[in-house]
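Novice: Take this structure, written in structure tokens, and hold onto it; I'll ask about it next.
The values are calculated or read from the model by the stated rules, or taken from the named source; none is laboratory data. Keep in mind that what you see is a predicted model, and the values were worked out from it rather than measured. Counting neighbours? That spans all protein chains shown, and the Cβs are built from the backbone with ideal geometry, glycine included. Remember, those area values only see protein heavy atoms, side chains included, never the ligands or the DNA or RNA. Shrake-Rupley method; radii C 1.70, N 1.55, O 1.52, S 1.80 Å.
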Amino acid sequence: MCKNFLIAICFFLMCTTCYSQQENQLSLISIKGLQVKWKFDQSRDKKKCLSTFIVCHPQLNQFLHGDWALYFNTMKEIDYSSVTTGFSITHINGDFYKIAPKSIGGSLYYGDSLSISFLFTSQVVNRTDIPSGLFFVMNNQAYPVKDYLIATDESGYRKSIPAFKIYQENASINAALNYTIKIIPTPISFQEQAGSFMLNSSTTIFCDAAFKKEAAYLSGELKELLLNPVTIVPAAESHSIQLKKITGEASGYQLTVNGKGITIAAADRAGIFYGIQSLKLLMDPGSWSAKKAAISIPFVTMNDKPRFAYRGLMVDIARNFQPLPQLLKIIDLMALYKMNVLHFHFSDDEAWRLQIPGLPELTDIGGKRGWPADDKQNLIPAFGSGPAPEFGPDNGYYTRAQFIQLLKYAAERHITVIPEVETPGHARAAIKAMDARYERYIKAGNKAEAEKYLLRDLKDSSTYYSAQMFNDNVLCVAMPSVYTFLEKIMDELKSMYAEAGAEMSTVHLGGDELPAGAWTKSPLCKQLIAANTKLKTTGDLWYYYIGKVNTILKKRGLTFSGWEEAALRKTKVNGQTESLPNPDFKQENFKVYVWNNVIGFGAEDLPYQLANAGYKVVMSCTSNFYLDLANDTSYQEPGHSWGGYIDLKKVFSFIPFNYYLNAYSDYQFHPVAHSFFDDKEKLQNKSRSNIIGLNATLFSEKVKTEKRMEYMLLPKLIAIAEKAWSSEKPWETITDSVQREQVFAHSWSDFVNTLSARELPRLDYYHQGFNYRVPPAGAIVESNMVKANTLFPGFTIRYTTDGTEPVGNSSIYQKPIAEKGLIKLNVFDGKGNSSAITEIDHL
């Protein structure tokens with residue numbers, strides 16, 4: 001390692017004044033140039049992980065001189081007693097930690113490096129678990145670690161999925177299949193005839209009066225594809241696209257393409273819009289690569305309607321921010337596949353991302369994270385945000401004007417935006433922002449205004465620990481100011497929706513993961529319980545709160561939406577406390593988003609319990625729809641693992657009315673027999689109408705970039721769109737497992753062939769292209785040859801035999817490989833994006 005001997009040890013033997021000056025200078029030089037390497041080893045204990053930071057300076061052999069601390073973020077819990085002797089680890093809050101030397105008065109380290117080790121209480125599964133956001137603090141000045149190196153697991157544990165397992169799974173896809181699905185989502189009926197219609201400069205658009213907005217949208221879409229615009233005309237012409245009003249079901253449509261022209265007929269605007277999306281999906285996928293003089297549309301006759309009224313995607317811009325252009329791009333993606341609800345998760349513990357007039361602290365403080373970590377100028381760092389509270393994936397918010405623009409854009413594409421205001425837990429950003437407001441008005445001598453929107457009992461000494469490791473993230477539901485705050489938020493939201501001309505019928509108010517111990521030592525909560533005969537215990541405050549916020553919504557013509565906990569009541573059953581459907585609110589038209597059906601957690605039947613109890617249920621099931629979960633157990637695969645793993649097949653195999661049938665393993669990959677569900681509640685036939693839809697969910701703790709967002713969404717979101725729109729598949733009702741698997745295999749192969757032949761090539765260019773996940777190649781050694789395959793027929797496999805990684809000009813796999821050595825394979829899409837590398841030793 002390079003050392004700079006120009007800084008001599010004799011400097012530190014000089015007089016006290018000179019020593020202090022030299023010390024400060026050395027501290028500044030050394031702290032700015034520090035390099036940190038992180039490595040881990042879990043070969044010694046399969047339940048824990050030894051984590052080590054190695055600190056060094058490439059140019060100095062003296063570093064970290066003076067009082068200092070290293071701060072970082074990790075979502076893994078730490079055994080504090082395991083840290084290297086002479087150091088301490090402090091959990092500050094959430095995923096934010098501090099390492100510092102125990103000795104007071106400064107530290108000077110000589111030599112090549114300093115190692116600090118400690119134990120994670122669980123294993124590192126993939127790169128999502130890597131500590132992030134490292135920075136040093138000296139004399140209250142923060143210095144980000146700009147040179148951070150990550151070492152792979154030296155024990156070799158869980159490096160990648162075996163190539164032969166991938167090969168076996170890919171082998172189920174029949175690449176020679178003459179796929180019957182022509183567009184996704186699959187329409188109810190589809191007949192293709194010989195011949196095609198040419199969209200070109202002579203094509204016009206004619207519409208009934210009710211569909212002028214859809215005609216304008218269609219004209220705009222075609223303008224992006226054709227060299228010459230397609231104009232809207234006042235009367236039908238030959239060679240035209242007609243948007244025609246008929247009697248029919250809501251959101252349904254008929255699409256006819258023949259030699260006379262194109263007709264899209266529907267009873268409402270939504271139906272016409274979905275017919276336009278089907279028209280786009282009939283176009284060749286390459287239509288978006290460059291403008292053309294003409295586009296061929298095959299002759300077809302289609303009749304279609306959605307299976308579920310609610311077909312949604314939740315995007316979390318609170319944990320990590322996504323800018324407006326990216327969300328508009330995602331809205332266009334949703335619209336193409338006929339999804340109609342954007343669940344807008346803009347507030348949480350780690351940030352508040354929407355400007356609210358009159359409450360500037362919500363975004364001035366709640367919209368950014370960094371140093372100092374006192375929550376007065378900004379929130380504490382989270383998810384690797386580091387010390388600088390600047391605009392980026394960790395910091396930022398939507399102005400009122402930007403949100404109105406988003407609402408208008410979504411409404412034009414028949415997508416309803418449902419805002420989520422996380423309460424009463426997951427509310428730390430709002431709490432800290434209103435604390436800052438309180439301090440501002442207290443200093444000005446205005447106590448009444450200071451307390452107007454205060455969200456916590458200042459004398460509350462309750463101790464709790466949330467699922468995300470916070471100890472101060474719960475609103476005080478006994479305070480009138482909490483409800484004044486929520487009324488202010490609701491009124492400002494309604495104002496924005498009204499200005500945008502967008503529908504607002506409900507607000508999602510969170511309601512999940514209230515930590516045990518909250519409110520127990522709040523004097524204000526104790527006073528409320530004593531004064532209200534309906535309240536017996538602290539637990540009853542939950543139902544009090546839900547009732548209060550429901551009243552606030554009803555007064556504004558809105559209905560309550562929330563996570564499943566909002567519809568549950570803790571009930572004693574055989575001496576044990578269980579969470580069961582709460583009968584008090586089932587007549588209130590609540591929409592309940594059920595996430596906790598994780599196989600192995602014990603509440604596998606929760607969606608069906610609530611539907612049978614009369615609640616309207618949106619299935620946001622972790623088991624199949626949490627897109628922030630990793631695709632598999634490979635170390636290189638991003639995503640969480642707490643709820644299991646979700647690949648494309650798992651999404652596609654979901655059976656909304658009986659998902660027990662296709663649940664073969666729990667969240668830890670332990671096999672699950674069908675008898676496991678014998679004592680679980682089944683969905684009653686009369687309750688099927690209470691399952692109102694499906695909701696894909698993308699929390700963003702580790703989704704920092706637009707590319708990562710798209711990688712986590714695609715192509716799985718297309719499979720969710722298929723499940724939410726298309727009618728029930730024959731295999732969904734077959735109880736015999738062998739027969740069901742046979743029918744499913746054909747349906748799965750059909751879907752994958754269409755996806756790889758049409759939809760993914762389309763997404764290479766649609767709205768500047770999407771960064772979808774390309775699955776790795778499978779490989780086996782058979783008959784002394786290496787055979788390879790891919791999940792997506794038509795994608796290109798390239799390989800090397802010299803140990804180098806395959807690139808765009810490497811050999812194309814066309815037949816089994818006879819060469820010996822370390823074979824590396826890579827799968828490429830049409831634009832050159834590639835998969836993770838597959839390795840196989842051919843000895």
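Novice: Restricting to segment 811-829, give me the number of residues that are of a type outside the set (D, E, K, R), under 17 Å from residue 774 (Cα atoms) and open to solvent by less than 70 Å² (accessible area, probe 1.4 Å).
Specialist: 5
Novice: Give 649, 680 a once-over and let me know the one that is surrounded by fewer than 22 Cβ atoms within 10 Å (Cβ to Cβ) and in a helix (DSSP H, G or I).
Specialist: It is 649.
Novice: For the condition touching a residue at least 40 places away in the same chain (Cβ under 8 Å), closer than 30 Å to residue 720 by Cα and open to solvent by 20 Å² or more (accessible area, probe 1.4 Å), what is the one hit in 210, 194, 175?
Specialist: 175
Novice: Can you tell me which residues in segment 237-289 are open to solvent by less than 10 Å² (accessible area, probe 1.4 Å), farther than 19 Å from residue 181 by Cβ and not small (Gly, Ala, Ser)?
Specialist: Selection gives 241, 243, 262, 264, 272, 273, 276.
Novice: Related question: Do the conditions hold for residue 449, that is, is it of a type in the set (Asp, Glu) and over 29 Å from the mean Cα position of the chain (by Cα)?
Specialist: For residue 449, the condition - of a type in the set (Asp, Glu) and over 29 Å from the mean Cα position of the chain (by Cα) - is met.
Novice: So residue 214 ticks every box in (1) of a type in the set (Asp, Glu); (2) more than 24 Å from residue 228 (Cα to Cα); (3) within 31 Å of the chain's Cα centre (by Cα) but one. Which box is left unticked?
Specialist: With respect to (1) of a type in the set (Asp, Glu); (2) more than 24 Å from residue 228 (Cα to Cα); (3) within 31 Å of the chain's Cα centre (by Cα), residue 214 is out only on (2).
Novice: For segment 170-216, which positions are touching a helix residue (DSSP H, G or I) at 6+ places or on another chain (Cβ under 6 Å) and not polar (S, T, N, Q)?
Specialist: 173, 177, 179, 181, 183, 184, 185, 205, 207, 211, 214
Novice: Can I ask one more? Answer yes or no as to whether residue 514 is touching a Leu at 6+ places or on another chain (Cβ under 9 Å) and under 17 Å from residue 348 (Cα atoms).
Specialist: The answer is no for residue 514.
Novice: I've got another one for you. In segment 579-622, which residue that is aromatic (Phe, Trp, Tyr) and touching a residue at least 60 places away in the same chain (Cβ under 8 Å) is most open to solvent (accessible area, probe 1.4 Å)?
Specialist: Filtering first and then ranking leaves 601.
Novice: In the set 528, 553, 509, which member is modelled with pLDDT of 95 or more, closer than 24 Å to residue 490 by Cβ, under 29 Å from the mean Cα position of the chain (by Cα) and not in a strand (DSSP E or B)?
Specialist: So the residue among 528, 553, 509 that is modelled with pLDDT of 95 or more, closer than 24 Å to residue 490 by Cβ, under 29 Å from the mean Cα position of the chain (by Cα) and not in a strand (DSSP E or B) is 553.
Novice: Pairs under 9 Å by beta carbon, first residue open to solvent by less than 20 Å² (accessible area, probe 1.4 Å) in segment 217-236, partner among the hydroxyl-bearing types (Ser, Thr, Tyr) and part of a strand (DSSP E or B), six or more apart or different chains?
Specialist: Every condition considered, the pairs that remain are 230/204.
Novice: May I ask you to verify whether residue 165 is modelled with pLDDT of 85 or more and not small (Gly, Ala, Ser)?
Specialist: yes
Novice: Please identify the pairs in which a residue from segment 724-735 that is at negative phi has its Cβ atom under 9 Å from the Cβ atom of a residue that is part of a loop (DSSP other than H, G, I, E, B) and surrounded by fewer than 16 Cβ atoms within 10 Å (Cβ to Cβ), counting only partners at least 6 apart or on another chain.
Specialist: 726/188; 727/188; 732/658; 733/658; 735/658
Novice: Could you run through segment 365-379 and say how many residues are open to solvent by 10 Å² or more (accessible area, probe 1.4 Å) and either in contact (Cβ under 8 Å) with a residue 40 or more places away in the chain or of a type in the set (Lys, Arg) (or both)?
Specialist: Residues that pass the stated criteria total 7.
Novice: Scan 196, 160, 219, 189 and give me the residue that is modelled with pLDDT under 95 and of a type in the set (Ser, Thr, Tyr).
Specialist: Exactly one residue qualifies, and that residue is 160.
Novice: So is residue 700 in contact (Cβ under 8 Å) with a residue 40 or more places away in the chain, surrounded by 22 or more Cβ atoms within 10 Å (Cβ to Cβ), of a type in the set (Ser, Thr, Tyr) and assigned to a loop (DSSP other than H, G, I, E, B) or not?
Specialist: Taking the combined requirement at face value, the residue satisfies it.
A quick yes/no check of all residues on (1) surrounded by fewer than 17 Cβ atoms within 10 Å (Cβ to Cβ); (2) under 26 Å from the mean Cα position of the chain (by Cα); (3) part of a strand (DSSP E or B):
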{"site": "770", "(1), (2), (3)": "no, yes, no"}
{"site": "780", "(1), (2), (3)": "no, no, yes"}
{"site": "787", "(1), (2), (3)": "no, no, yes"}
{"site": "797", "(1), (2), (3)": "no, no, yes"}
{"site": "806", "(1), (2), (3)": "no, no, no"}
{"site": "809", "(1), (2), (3)": "yes, no, no"}
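Novice: Restricting to segment 683-727, name every residue that is closer than 23 Å to residue 610 by Cα and among the β-branched types (Val, Ile, Thr).
Specialist: 691, 692, 697, 720
Novice: Got a sec? Which strands (runs of 3 or more DSSP E) wholly within segment 174-273 have at least 1 residues that are of a type in the set (Gly, Ala, Ser) and either in contact with a strand residue (DSSP E or B) (Cβ under 6 Å, 6 or more places away or on another chain) or within 25 Å of residue 306 (Cα to Cα) (or both)?
Specialist: Passing ranges, in order: 189-199, 240-245, 261-266.
Novice: Condition test on residue 616, is it in contact with a Ser or Thr (Cβ under 7 Å, 6 or more places away or on another chain), modelled with pLDDT of 95 or more and charged (D, E, K, R)?
Specialist: No; evaluated as a whole, the condition is false for this residue.
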